[in-house]
Amino acid sequence: MLDLQRLRALHAVSVHGSVGAAASALGYTPSAVSQQIAKLERETRTVLLQREGRGVRLTAEALQLVDTAEELLAIVERAETALEQRRGVPSGRLTIAAFASAARGLMPRVLADLAARHPALDARLTEVDPHLSVGLVTKGAVDLAVVHDWDISPLPVPAGVEQAVLGDDRCTLLVPEGHPFAGRGTVRREELGGQRWVCQPPGRVCHEWLTRTLRAAGHEPHIVHHADENPTLVALTAAGLGICLVPRLGRGPLPAGVAEVALEPAPMRRLYALWRADATGRPSITETVHALQAHGAGTDPHPPR
């Protein structure tokens with residue numbers, strides 16, 4: 001008889017790519033995950049993980065078990081959903097993945113709201129890059145994901161995954177206080193040529209949006225600094241090293257030395273909640289989506305200056 005928790009541990013290693021990442025997602029220690037998989041190897045008399053450099057690789061037999069685990073976990077989820085629906089009360093563990101600025105600017109309010117109104121619900125947050133979240137939902141590694149897309153990069157939603165719009169996140173132009181744009185109410189996109197930019201690295205949606213927008217206006221982007229995190233972009237701008245375009249969600253108050261200017265037309269990204277269709281109707285999913293919409297749609301904790 002295969003143990004479901006051991007299969008869950010193996011499945012998590014497959015989804016997250018390492019024992020350590022799987023342990024973090026499951027709320028275990030890495031040694032506990034390793035022990036679960038070692039017991040599964042003994043029970044199946046099969047080698048499931050092989051050392052590869054500093055990490056591990058799943059064997060062909062392990063990948064076959066992962067497929068089985070996904071089927072079993074889906075059955076368990078349907079059973080848990082049915083029981084929760086009968087009780088009519090959000091309860092049990094709910095795992096949520098959210099991209100960085102949503103994890104910082106939206107999720108604290110949502111999680112506090114859920115904890116106050118639904119004490120039987122154990123909602124747990126993991127910060128995940130948006131391009132990875134869809135796969136985590138599809139594979140059953142998380143119950144719900146908060147993601148975003150832009151007009152230039154629509155969000156692909158696979159079959160078996162439901163979505164709900166949470167709201168729009170407006171982006172604004174940030175410039176050093178001595179910059180010629182600093183005293184302006186608005187700036188048109190056509191005026192952005194010849195500027196020194198700080199921006200996220202190539203491959204990120206914000207970088208792609210900026211380069212496409214400038215080139216469409218006849219300007220070649222001059223990006224002098226790259227940084228992954230929005231607070232770093234703001235700090236570089238405050239130091240007078242360039243200008244940047246940053247979404248408002250999770251940005252926080254601006255430091256001294258930075259001015260905010262509206263860009264016209266205003267760049268927007270749309271926020272969504274994603275969950276598996278099998279879990280539709282589960283009270284914990286329904287209530288969490290409602291809380292996300294209530295706190296996310298049109299909510300800006302730091303209004304423009």
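None of T237, T232 is open to solvent by less than 20 Å² (accessible area, probe 1.4 Å), among the polar types (S, T, N, Q) and modelled with pLDDT of 90 or more except T237.
Residue check: P201 meets all listed conditions (1) under 18 Å from A100 (Cβ atoms); (2) surrounded by 19 or more Cβ atoms within 10 Å (Cβ to Cβ) but one, namely (2).
Taking the range 18-55 as the range and being small (G, A, S), open to solvent by 40 Å² or more (accessible area, probe 1.4 Å) and in a strand (DSSP E or B) as the test, no residue passes.
Pairs meeting the criteria (first residue in the range 149-163 and on the phi < 0 side of the Ramachandran plot, second residue surrounded by 10 or more Cβ atoms within 10 Å (Cβ to Cβ) and in a loop (DSSP other than H, G, I, E, B), beta carbons under 9 Å, at least 6 apart or on different chains) are D149/L155; W150/P267; D151/P267; E162/T280; Q163/L155; Q163/V157. Answer yes or no as to whether H225 is closer than 26 Å to L132 by Cβ, open to solvent by 30 Å² or more (accessible area, probe 1.4 Å) and either in contact (Cβ under 8 Å) with a residue 24 or more places away in the chain or out of contact with any strand residue (DSSP E or B) (no Cβ under 6 Å at 6 or more places or on another chain) (or both). Judged against the criteria, H225 is a match. Of the residues G281, G257, the single one that is small (G, A, S), within 17 Å of L236 (Cβ to Cβ), surrounded by fewer than 17 Cβ atoms within 10 Å (Cβ to Cβ) and in contact (Cβ under 8 Å) with a residue 40 or more places away in the chain is G257.
Scanning the range 9-21 for residues that are over 17 Å from A60 (Cα atoms) and at pLDDT 85 or above yields a count of 2. Of all residue pairs spaced 6 or more apart or on separate chains, those with beta-carbon atoms under 6 Å, a first member in the range 67-83 that is within 16 Å of V13 (Cα to Cα) and a second member that is assigned to a helix (DSSP H, G or I) and open to solvent by less than 90 Å² (accessible area, probe 1.4 Å) are A69/L7; A69/H11. Can you tell me which residue is surrounded by the most Cβ atoms within 10 Å (Cβ to Cβ) among those in the range 70-102 that are in contact with a Lys or Arg (Cβ under 6 Å, 6 or more places away or on another chain) and part of a helix (DSSP H, G or I)? So, considering only residues that are in contact with a Lys or Arg (Cβ under 6 Å, 6 or more places away or on another chain) and part of a helix (DSSP H, G or I), the one surrounded by the most Cβ atoms within 10 Å (Cβ to Cβ) is E84.
The values are calculated or read from the model by the stated rules, or taken from the named source; none is laboratory data. Owing to the predicted nature of the structure, the values given are computational and were not obtained by experimental measurement. All Cβ positions, glycine included, derive from the backbone under ideal geometry; neighbour counts span all protein chains shown. Remember, those area values only see protein heavy atoms, side chains included, never the ligands or the DNA or RNA. Shrake-Rupley method; radii C 1.70, N 1.55, O 1.52, S 1.80 Å.
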